[in-house]
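Reading through the structure tokens given below for one structure.
Readers should treat all values here as calculations from the given coordinates under stated rules, not as data from a laboratory. Since this is a predicted model, take the numbers as computed values, not measurements. As a convention, Cβ positions derive from the backbone with ideal geometry for all residues, glycine included, and neighbour counts pool all protein chains shown.
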Amino acid sequence: MLVTETLTEGLKRGYTVSVPSASIESKRAAKLAELGKTLRLPGFRPGKVPASMVKQRYGNAVLGEVLEAAVNDATEKLISERNLRSVAKPKVEVTSAFAAGDLEFKVELELFPEFVLPDLSALNLVRYTAEPPAEKIDTALAEIAGRQKELVDITDDRGAELGDTLVVDYRGTVDGVAFDGGTGSDMAVELGGQGFIPGFSEGMVGLKPGETREVPVTFPTEYHAKELAGKAAVFTITAKKLQKGLVPELTDEFAVKLGFESLEKLRELVASQIQREYSQLTRLRLKRDLLDALAALVDFPVPPSMVEAEFQQIWARLEADRKSGQLDQEDKDKDEATLIAEYRPIAERRVRLGLLLAEIGRSNKIVILPDELNRAVQTEAMRYRGQEAQVFEYFRKNPQAVETLRGPIFEDKVVDFILELAKIEDKQVAPDELSIDPEEA
């Protein structure tokens, strides 16, 4: 075959490939001969159909197969001989079919960039660590005790106060008409507690057992029942019993009720849970600092198609956040042109770092083991309590879904590999400093 380079623009390459007609005809003849050996037609013995008839009946179909195979084979040979690393499947366009002479087609592709890996052992990083302070452990233990409080009746002649629990019957109406789900009895309501319509529990302050009161409220605009969202309503409340929660003392007896040997063992568990949270923050900050350091060491062209794909993912998230009202405060007042100008470089940086990490992994033969992928699937399934079996079945039937877990695992393994080579200084800081940006520290 004859190859002519027609495009050299950044990472884009273009070629014109010509395959001699004699080669195409030879392959078609061989294919027809092979077909004739097993062909069965009325009036002829198996394998005895005349070659001219085989060509007449099947020549065009076989030619199509031969041309497709010729294009694929020539393209693969081009890529192999020139050692081209294509970002995606090459774009192929046939410009001159076999009927007009030689087979000619164009090949356009985008290449992965070539670059020199930085000296990873020259990286200098700081690993910020923190230990759980006693007061944070005490606060966590107090929260545990608070969730275990026991309700006792209040016999004093007084109205309900914030923090008390009032057992009530209630009936809600909108424009004087009761609505579904708006009526109930013997419901325990913690005044000022969470999970109620704004103003509902607060409107019961001062209410005594045996008294009835109307409490006006307005349903939130995002209320799950669309027919009530944003509507004004009135609840008729009848108080039946006033209670208060007694928080148990933090003693060994309390810890034993929760299944621990002693209060000290419970305290150790709480401390270890807090420490795990701090360790995750330590890891996140160290990884971020590592990526910042790598980004400062390398600067090479990145495939525009990959940058565009990454930018589109970022933009889709921005649009989703905008529609849901969750767009970052600093982005809310920016116009589209400004946001594009700010986020496209972020997309380019992500692609460049992704290519760098991928090359570090490839060069150092870092691979993902089947057990690691299985553990990732199990971890994902554990996120859906009670639906684990369905999640496992989903991944079993959708191998491509398993592949989405491969990227994060590979990245973490490469990061761990780099951290083993880098020089790392450990520095203990206050817990609230773990997630502070270096520029703010």
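Direction-averaged projected area, Cα convex hull, the stretch 4-130: 14.9 nm², rounded to one decimal. For residue 202 and residue 89, the FRET efficiency from 1/(1 + (r/R0)^6), where r spans their Cβ atoms and R0 equals 51 Å, is about 0.25. Taken about its Cα centre, the chain carries a charge dipole of about 3120 debye when Lys and Arg each add +1 at the Cβ and Asp and Glu each add -1 at the Cβ.
Just want to confirm a number: the relative contact order over the chain, from Cα pairs under 8 angstrom separated by 6+ residues, in percent.
Relative contact order here is 16 percent.
Placing a label point 7 Å from the Cα of residue 341 along the Cα-to-Cβ direction, the residues of the stretch 312-334 with a backbone N closer than 18 Å are 330-334. Given R0 = 51 Å, the distance between the Cβ atoms of residue 152 and residue 375 translates into a calculated FRET efficiency of 0.60. Label point of residue 227 set 7 angstrom out along Cα-Cβ; within the stretch 160-189, amide nitrogens under 19 Å from it belong to 171-184. Projecting the Cα atoms of 50, 221, 260 onto the charge dipole of the chain (Cβ charges, centred on the Cα centre) puts 50 farthest toward the positive pole. On a 0 to 90 degree scale, rounded to 10, what angle separates helix 370-382 from the longest Cα axis of the chain? Taking Cα atoms only, the helix is inclined about 40 degrees. Of the trypsin sites (Lys or Arg not before Pro) found in the stretch 1-38, those that fall in a DSSP loop while having at most 14 other beta-carbon atoms within 10 Å are 37. Filter 27/77; 12/413; 226/332; 287/427; 208/257; 91/397 down to the pairs with a C-alpha to C-alpha distance above 22 Å, please. Listed pairs above 22 Å: 12/413; 226/332; 208/257; 91/397.
Once the C-beta distance of residue 320 and residue 53 is scaled by a Förster radius of 56 Å, the resulting FRET efficiency is 0.35 to the nearest 0.05.
Just to be sure I follow: if Rg is taken over the C-alpha atoms of the chain and Rh is the Kirkwood radius over the same atoms, what is Rg/Rh?
A ratio of 1.16.
Mind checking the angle between helix 399-421 and the chain's longest principal axis? C-alpha axes, 0 to 90 degrees, to the nearest 10. Orientation of helix 399-421: about 80 degrees from the principal axis. A straight Cα-to-Cα reach below 19 Å connects residue 136 with the lysines 265, residues fewer than 8 places away in its own chain not being considered.
Restricting the stretch 223-258 to chymotrypsin sites (Phe, Trp or Tyr not before Pro) that sit in a DSSP loop and have at most 15 other Cβ atoms within 10 Å of their own Cβ leaves 223.
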